[in-house]
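Read-outs: derived from the displayed coordinates by stated rules, not from any lab. Computed from a predicted structure; not experimentally measured. No Cβ is skipped: glycine too gets one built from the backbone with ideal geometry, and neighbour counts run over all protein chains shown.
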Amino acid sequence: MIKIPFHDWKHIEHFNLKHHQIHLWCIELPPHIKLIKTYENLHELKKQRHQLVKHLLKNYIQQDLNDTDFLILPSGKPILKNHELQYNITHSQHYLLLLIHLNKPVGIDFEYISRRHIQNFSKRFFGENWYETKLRPQRQCLQRIAFFQAWTQTEAWVKAHAETIFNFSAFEAQHLLSRHCWQHHNWQLLSFMPYLNGIASICCSSNIEEVFIKNIDLSQPRVLKDALIEGVFHG
């Protein structure tokens, strides 16, 4: 069970990841790249995210990675073909989060707190009973936060199990508005706010004890360009 949610990255020795740890990279991209959502812009943004992920993962496995080294499962989850390193990514707005473990599946989801009509959506997706017993009792001013916490928990669980949001094994989001880690079978879930107005949830093995987080600011286009060309990331 995770006892201390986050440690300062300065205590990590480069990319040395241990079995009882997971590493979380939180990367801020230039906000302007999301404004005009043409097919070309979205495709370019996807390429940039993939290139950043490749730059980071190669530091862990200590070898270059090509597109052919990746496999996309039917659920849409990406994995490395010939390496036991496990990872998962999520992105929302101009933020990209990458979660890594040595050999056990992990899942992460990050969502901006939007103005979605949460009452109807909650009933339709989670069910009337879940809405009445879990979400409705929350204070009205906090219901939106609780909903997105439940949604990210569900997505993280689904992604860790390589399933899809429309077809997944039994799971019910719990411990809403709590910052404490909670256990579900042989898994544990932890929710937090890595950025203002955004909620993320992690799903990982129950034997994970530490989460290390690293924030990378690539919000300036020139900094992003240098990172994409040189692949320079330092612990």
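Here is how the number arises for the chain: DSSP H runs of 4 or more residues each give -39500 (n - 2.57), the sum is divided by the residue count, and the result at 222 nm is -8000 deg cm²/dmol. Taking the longest Cα principal axis of the chain as reference, the axis of helix 39-61 is set at about 70 degrees.
Charges were assigned to the Cβ only: +1 to each Lys and Arg, -1 to each Asp and Glu. The resulting dipole of the stretch 4-230 about its Cα centre is roughly 640 debye.
For the chain, the longest principal axis of the Cα atoms and the long axis of helix 143-160 meet at an angle of about 50 degrees. Summarising the label geometry, the points placed 7 Å from Cα in the beta-carbon direction at I72 and H180 lie 4.1 nm from one another. Taking the average, over residues, of other Cβ atoms within 10 Å as the packing measure, peptides 181-192, 150-161 rank 150-161, 181-192 from highest down.
Here the alpha carbons of the stretch 4-230 define both size measures, Rg and Dmax, at 17.7, 52 Å.
Think of the chain as having a plus end and a minus end, set by charges on the Cβ of Lys, Arg, Asp and Glu; of L190, F148, V223, F148 sits farthest toward the positive end of this dipole. Since only I213, L97, T133 are under comparison, the one whose Cα sits farthest along the positive direction of the charge dipole of the stretch 81-235, derived from C-beta charges on Lys, Arg, Asp and Glu, is T133.
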